[in-house]
Every structure is written in C-alpha cells, then in structure tokens.
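Notes follow once the structure below has been shown.
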Amino acid sequence: MKKEISGKWYSISRKISLYWVVIIVSAAVIPFNIYINHFNIPVAHNDEMAESCNLPYALIRTNEPKLARMLLYANVSTEDERLMPLKDNINAYINQKKVDNTLKTASVYFNILDSANGWFVINQNEKFYIASLLKVAFMVAILKDVENNPALLETKIHFNQHTGAILKQDIIKNHLTFGEYYTLKELLKYAICYSDNDAGYLLCDACKESTYKKLFTDLQMPPDDINLDYLCSVEEYSRLFRVLYNASYLSNDMSEYALELLSNSDFNDGMVKHLDKNLTVARKFGERGTTGDKELHEFGIVYFKNQPYLLGIMIRGNDTQSLENVISDISLLVYDEMKKGSMQ
C-alpha cells in the first residue's frame, strides 16, 4: 500500500514539475521574442556563431591613439526590407519631379534612430555643396572645445566686417547688427536658428582648426580645410546628426544644447511645413547657387512618439520655392508612413 501511494505521489509531482517548467520557460521566451522582434535586433544562431563571429555591423569609433576609443555609432550593412515600399514611393515622386523639370537630382537618407536596422538611402553617391549645413560642423567643433573651457561661450566678438554677402541668401529673416559685439553663444543662435551667414563666418573664425579637422576625421567624412565649397553625400552628412542624437561625440549637456538650438530653427517652409506643429524637429537647412542651378538641403531629427527618425534631403533644381515644396512633400510622405505604424 505504502509503495503504491508513493508511486502515485511521484507521478503527480512529476506532472506538476513539468507543468511549472513549461510555464516558466514560456514566461521567459515569449517576452524575449517580442523584444527582439519589436526592436529588430538580429540574433546569431549557434550555427552562425560557429561559422563566423562577424555581425553585420560597422562600428565607427573616434580615430585616436588611445587605449579607449569612443563608439560614435554603428552601421548595419543592409537596408531595412520593411522600408522598401516607402523608398519606392519617394523614388517615384523624385522621378516625376524630374519629368516636370522641377528637379535635376535628389538624394534622401532615412533612419529610424532607435532601430537596429531601420534605414535606407536614395542616390547615395551623389555629392552636393552643403552650404549652410556646414554651420552645424562649426557648432560641434566649437562645443567640443567648450567642454574643456565653458567660458568660451561668453567670448565677445566684434561684427565689423560684412562677409555673409559673398554667398547670397534667399532664406533669411534675422540678421546680425553691423558694429555690435556678440558672444559666441549668441553667434551660435544666429548661425543655427536663423542661418545668418555673417554669424557663420564669425563662428568659422572662432573655430579651432585642429578640433574642426579632427571632427571630420573621426566621423570618416571627406576631409575639410574649412572650405566653403565642401562637397559630401547625404549619408556622410547624416553622421553629424547621428552623433548629436547619440551624445557620442559631445557630452550629454553639449549634445542637448546643440539639438535645442537646431530645434529652434526659423525655417518652416521645408521639412516641417506639413507636419504636426506640436512635433519637436531638430533641423538645419542649407542653400546654394542661383536660379536655374539651385541647391537646397535640409536634415532633421523628427521626435515622433517613441520612434524618432532622421531624415536628410539634398536636392538640385531650378528655384528655391519649388525645392522647398519638394522637401516638404518628401517629409510628408515619410511622416504619413510613420503614422501608419507599419514600421514598428
């Protein structure tokens, strides 16, 4: 009798134990799979690990002979398949604008910033004059030095030479007042928020050349000797915005300060024209050329719900007004797609 009861008790407890094992394993595996799928994190299987330890990432670090090398950002080697319908729609729009003779050429870079692989690029090898976009590089280089010497921001500079007229500006509302003294902090506001060329030239003069050149080396961008005719691609330029968002080149405080300036841009006829007015968008535009051979570019981080994304648009065409409309239309195509939630 005792033996029979013992056998039954063993059988019951074995079933209970198996039951709880199944429950515990499921409770661990299901959330893990949801997390992996939601954030698009590639998982290496045992056979893959056995064959190779290489993941499909390019890790971009600062280029300096130190024991610790700061990680700036990681590149996934392939575009996100889920984004191909959006890429196709933008390509179709660009091709139509070429037929209409509104556009000569265009490049677009899109990146869902908190996704492991949510990106694509259109016409990645085309080079453009980045014009006023160069002011962001001046800002980053200056803020890099400010990290070690915060008093630099209060340095006063005399505006006594009007150099901004060298490159004609069609999009400008706020100017420096000739003859006035401005702190470096005020010049950053005029250059980044208002895109004033005179402020940009004064920042260029205040920028330490070694810090500036190191920035381009670290980001693996084409080297620049502070050249106003600087050319680069849409993906290359996007790296400046990516390291600001990641706070991986400047400190957290300086990155936040830079993005705050960018979010107060007074240019509202491009990327943000058709977006929700309550959205925060840290952005910078650049214009170059004359009517008939005009370039207009804009990059911005759109803080959309829990999926902030970076959009960069670089275009060449006939006139400023038409190019502004192209930028706002492409931005709207992306925004509408994000609102659908199909890329989550």
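Only the coordinates and a few stated rules stand behind these numbers; no lab work does. Keep in mind the model is a prediction, meaning the values are calculated, not measured. We place every Cβ from the backbone using ideal geometry, glycine too, and count neighbours over all the protein chains shown.
Answer with one residue from ASN264, ALA199, TYR109: the one whose Cα lies farthest towards the positive end of the charge dipole of the range 81-340, charges on Cβ with Lys, Arg +1 and Asp, Glu -1.
Checking the options against the dipole of the range 81-340, the answer is TYR109.
Cα convex hull of the range 188-229: mean projected area in nm², to one decimal?
Working: hull surface 12.9 nm².
Quarter of the Cα hull surface area: 3.2 nm².
Using alpha carbon centroids, what distance separates the range 245-303 and the range 61-136, in Å?
Result: 15 Å between the Cα centres.
Just the projected area, averaged over all directions, of the convex hull on the alpha carbon atoms of the range 81-340: how many nm²? If you can, show how the numbers build up before the last one.
Values: hull surface 52.7 nm².
Mean projected area of the Cα convex hull: 13.2 nm².
Just to confirm the filter: which trypsin sites (Lys or Arg not before Pro) across the range 286-344 are DSSP coil and have at most 12 other Cβ within 10 angstrom of their Cβ? Write out the running numbers ahead of the final one.
On the way: sites: ARG288, LYS294, LYS305, ARG316, LYS339, LYS340; in loops: LYS305.
Here the trypsin sites (Lys or Arg not before Pro) that fit, given the DSSP loop and packing criteria, are LYS305.
Two decimals is fine: what is log10 I(q)/I(0) at q = 0.17, 0.19, 0.21 Å⁻¹ for the range 212-344, from a Debye sum with one equal scatterer on every Cα and no solvent?
Log-scaled intensity ratios, in q order: -1.01, -1.21, -1.37.
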